[in-house]
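Only one structure is covered here, and it is reproduced in the block below.
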Amino acid sequence: MNTQRCTTRRDLLHTGGALAGLVLAESLLAGRARVQAGEARRELAPLNRFPRMIQEYLVRRVREAEALANKARAALKTKADAEEYVESVRRRIGACFGPEPERTPLNPRVTGTVERDAYTIENVLFESRPGMLVTANLYIPKGRPFPLPGVVGTCGHSANGKAEAAYQSFSQGLARQGYVVLIFDPIGQGERLQYVDEKLGSRIGVGVREHLYAGNQQLLVGEFFGSWRAWDGIRALDYLLTRKEVDPRHIGVTGNSGGGTMSTWLCGVEQRWTMAAPSCFVTTFRRNAENELPADTEQCPPRALALGLDHSDFLAAQAPDPVILLGKEKDYFDARGVEESYRRLKRLYALLGAEDKIATFSGPTYHGYTQENREAMYRWFNRATGVSDAQAEPELTIEKDETLACTPKGQVSELGSRTVSSFTKAKAAALRAGRGRPEGDALAKKVAEVLKLPAAAAPEYRILRPLRGRNYPKPHAATYAIETEPGIQTLATLLCDAQHLSRPPRLGKRAVLYVSHLSADAELRGEPLMKELLAAEPDRPLVACDVRGIGESMPDTCGENQFFNPYGSDYFGAVHSLMLDDPLPAQRTRDLLGVLEWLASYGYAEVHLAAKGWGAIPATFAAVASPRVVQVTLKNALSAYSAIAESEDYAWPVSSFLPNVLAHFDLPDCYRWLTKHKRLRQIAPCGPNDAPA
């Protein structure tokens, strides 16, 4: 490894999957242009003339997906139509979340008991998967005849998980009214941290950061973190139903925020619930996209939009059982989306003859499972079960975190619990052993199939006004905005010795196409590989290209300067693309194939394709797919997807990941093919923990 060209992850702040390029961003995006020796330096901010392109493109596609789904909903006219729709959403959710794993022994054990006036709390451990421990509190009412209704509680993004005051509150409140409640810690929260430091804290960041880091990595092996989270809820239900105190005729699920997500998903994937109350999550995918609202990996199911699913459909899968949608007037989850979801469900339930079994309630305050929302949930569950006629929350006593701890030191890691990344590593190794080494035409075909690459044609383009003083290494430059698909402009800057204000010059049949890591504009001035390419082929035109979401179209959305934030605009575009079943690497590969055909339309039928860092991912796939590419140079390219999947730590963003790619091929398969057929040269490849620099 050339340490001068790749920065190891140890040198970076550990901020999750979007680490890659963080160090480079500090220099490139600061806009320092190096001029010829002896001249003064001049500050140049990298060009970004299309900062909202990706956002508006995604909004358009999400709206199109919603319009198609709404058309199908509007076509429902009879009870039979509604029943078929419920079955349809269940099938589509199953396709989205994947098959359930084997139901292995829970191996439950009670590690402590807390006696209170109206209930007992048992601190429970069970295994949702072999060796993977789940920590939970079981609230059992006192002085009531068993069996009683049961409720599974799912937690939102609280650092202390089930011990958070709001989640203790609804658990206690239900127990005091006669419900047996099992509330469990989510992965990455409470006692279930995945990336534990020497002080038993998270070295990644509790909650969102751990969810992103573990969940993004899982995509490479065809797993969805939301399915793993939901499976914990299903196994919690399995355990609850083993208890003699629980009446299986009345089983509810509720949670807030991230717990509202899980309550919603659990309605879609598990049919044993008899009532549900998701709080502060349900809206529509369109509202989240339009409002630039980031969501965790588990909140963005792969292919969901392509399958015509929305939040309401996961609750439709529960119809006609009682469901109440809990929202907030001042929530960041758009209240209009809650209302839209309710209208859809109200119509569906009416067709099923169960209009009184769907309801909504919006509290007047901000995001959270506050008392007014909890009381709405109590009333709804009491109406369904008849266990209590209480209208208000009983008096509560919030316990200390350690009172509710199920482990001796507060973390399952001390008991040897397996982590999500350990399962990902094992599956990646199994896939590597099973897929073999695709070669030749079989590999090229597989790449085209996995990326769903269409037949390429020369696209339309615009000619941008020339800019002076960019200090490029040739005297003249022309920039073309190539429309590689409707709404997408792929920026290509052509360097040449003579000025061309119109179409590209015809200077032979060979050209050099450089794909940037972060900014073609900045890398034209400061990237050593650029100088090397110009020196090696001085008489060839050189085109420097930014694929979508990079450089000239780097999103300035999801807040100010959020591109490199693990929860920021690059991530936002990547996860929405996954829900559209159109991952960003595939989109960016299409951009390059369009640029290659555009060059060919001006006589450049032979192209030396060079790329750096993040740009090397789509460049690799385009080089395999296109006969126009005759030579390839990659600098700081990722060594292998399997290297990321099999490492606990990694520094590459989810925008570079192809879902389930390791079931079909890996990057080294492409590199071998390119070495054999297209004279591939690799410069300082990067491992999973290295950021291109």
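The values are calculated or read from the model by the stated rules, or taken from the named source; none is laboratory data. Here the structure is a predicted model, which means the values were calculated and not measured. Heads up, the Cβs are rebuilt from the backbone with ideal geometry, glycines too, and the neighbour counts pull from every protein chain shown.
Screening PHE361 against (1) in a loop (DSSP other than H, G, I, E, B); (2) touching a helix residue (DSSP H, G or I) at 6+ places or on another chain (Cβ under 6 Å) leaves a single unmet condition, (1).
If you go through the stretch 443-468 and keep only what is over 21 Å from TYR604 (Cα atoms), small (Gly, Ala, Ser) and either under 27 Å from the mean Cα position of the chain (by Cα) or surrounded by fewer than 15 Cβ atoms within 10 Å (Cβ to Cβ) (or both), you end up with just ALA448. For the stretch 192-246, a residue qualifies if it is of a type in the set (Val, Ile, Thr), under 18 Å from the mean Cα position of the chain (by Cα) and outside any helix (DSSP H, G or I), and the qualifying residues are ILE204, VAL206.
Once the stretch 142-162 is narrowed to residues that are in contact (Cβ under 8 Å) with a residue 60 or more places away in the chain and surrounded by fewer than 24 Cβ atoms within 10 Å (Cβ to Cβ), the residue that is farthest from THR113 (Cα to Cα) is HIS157.
Residues in the stretch 286-326 that are in a strand (DSSP E or B) and polar (S, T, N, Q): none. The strands (runs of 3 or more DSSP E) found wholly in the stretch 70-158 and carrying at least 2 residues that are of a type in the set (S, T, N, Q), under 28 Å from TRP228 (Cα atoms) and in contact with a helix residue (DSSP H, G or I) (Cβ under 8 Å, 6 or more places away or on another chain) occupy 119-129, 132-141.
The requirement of being surrounded by fewer than 24 Cβ atoms within 10 Å (Cβ to Cβ), assigned by TED's automatic domain parsing to the domain that holds VAL387 and closer than 20 Å to LEU237 by Cβ is satisfied by GLY178. Condition (residue is more than 14 Å from LEU658 (Cα to Cα) and under 24 Å from the mean Cα position of the chain (by Cα)) applied to the stretch 576-585: is it met by at least one residue? Within the stretch 576-585, not a single residue is more than 14 Å from LEU658 (Cα to Cα) and under 24 Å from the mean Cα position of the chain (by Cα).
Scanning the stretch 341-356 for any residue that is part of a loop (DSSP other than H, G, I, E, B) and in contact (Cβ under 8 Å) with a residue 40 or more places away in the chain turns up at least one such residue. Restricting the first member to the stretch 235-248 and to residues that are farther than 21 Å from LYS142 by Cα, and the second to residues that are of a type in the set (Ser, Thr, Tyr) and surrounded by 17 or more Cβ atoms within 10 Å (Cβ to Cβ), the beta-carbon pairs closer than 6 Å and six or more apart or on different chains are ARG235/SER128. Going through (1) charged (D, E, K, R); (2) within 30 Å of ASP556 (Cβ to Cβ); (3) not in a loop (DSSP other than H, G, I, E, B) one by one, ARG249 falls short only on (2).
Show me the helices (runs of 4 or more DSSP H) entirely contained within the stretch 552-665 in which 3 or more residues are crowded, with 24+ Cβ neighbours inside 10 Å and among the hydroxyl-bearing types (Ser, Thr, Tyr).
Details: elements: 569-579, 584-600, 616-625, 641-645.
Correct list: 569-579.
Across the stretch 395-436, the qualifying residues are those that are of a type in the set (A, V, I, L, M) and more than 25 Å from the chain's Cα centre (by Cα), and the one among them that is farthest from ARG192 (Cα to Cα) is ALA433.
Out of the residues in the stretch 233-279 meeting the condition of being hydroxyl-bearing (Ser, Thr, Tyr) and touching a helix residue (DSSP H, G or I) at 6+ places or on another chain (Cβ under 8 Å), tell me which one is farthest from ARG144 (Cα to Cα). If you could, list the steps in order and put the result at the bottom.
Of the stretch 233-279, the ones hydroxyl-bearing (Ser, Thr, Tyr) are 239, 242, 254, 257, 261, 263-264, 274, 279.
Going one step further and asking which of them are touching a helix residue (DSSP H, G or I) at 6+ places or on another chain (Cβ under 8 Å), we end up with 254, 261, 264, 274, 279.
Working: THR254: 23, THR261: 32, THR264: 30, THR274: 21, SER279: 28 Å.
If we take residues in the stretch 233-279 being hydroxyl-bearing (Ser, Thr, Tyr) and touching a helix residue (DSSP H, G or I) at 6+ places or on another chain (Cβ under 8 Å), then THR261 is farthest from ARG144 (Cα to Cα).
Being part of a helix (DSSP H, G or I), at pLDDT below 95 and under 26 Å from GLU483 (Cα atoms) is a description that does not apply to ALA433.
Table: residues versus (1) buried (at least 24 other Cβ atoms within 10 Å of the Cβ); (2) touching a strand residue (DSSP E or B) at 6+ places or on another chain (Cβ under 8 Å); (3) not in a loop (DSSP other than H, G, I, E, B).
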residue	(1), (2), (3)
ILE482	no, yes, yes
ALA492	yes, yes, yes
LEU495	no, yes, yes
LEU513	yes, yes, yes
ARG525	no, yes, yes
CYS545	yes, yes, yes
ARG548	yes, yes, no
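Tallying residues that are acidic (Asp, Glu) and modelled with pLDDT under 95 within the stretch 658-693 yields 1.
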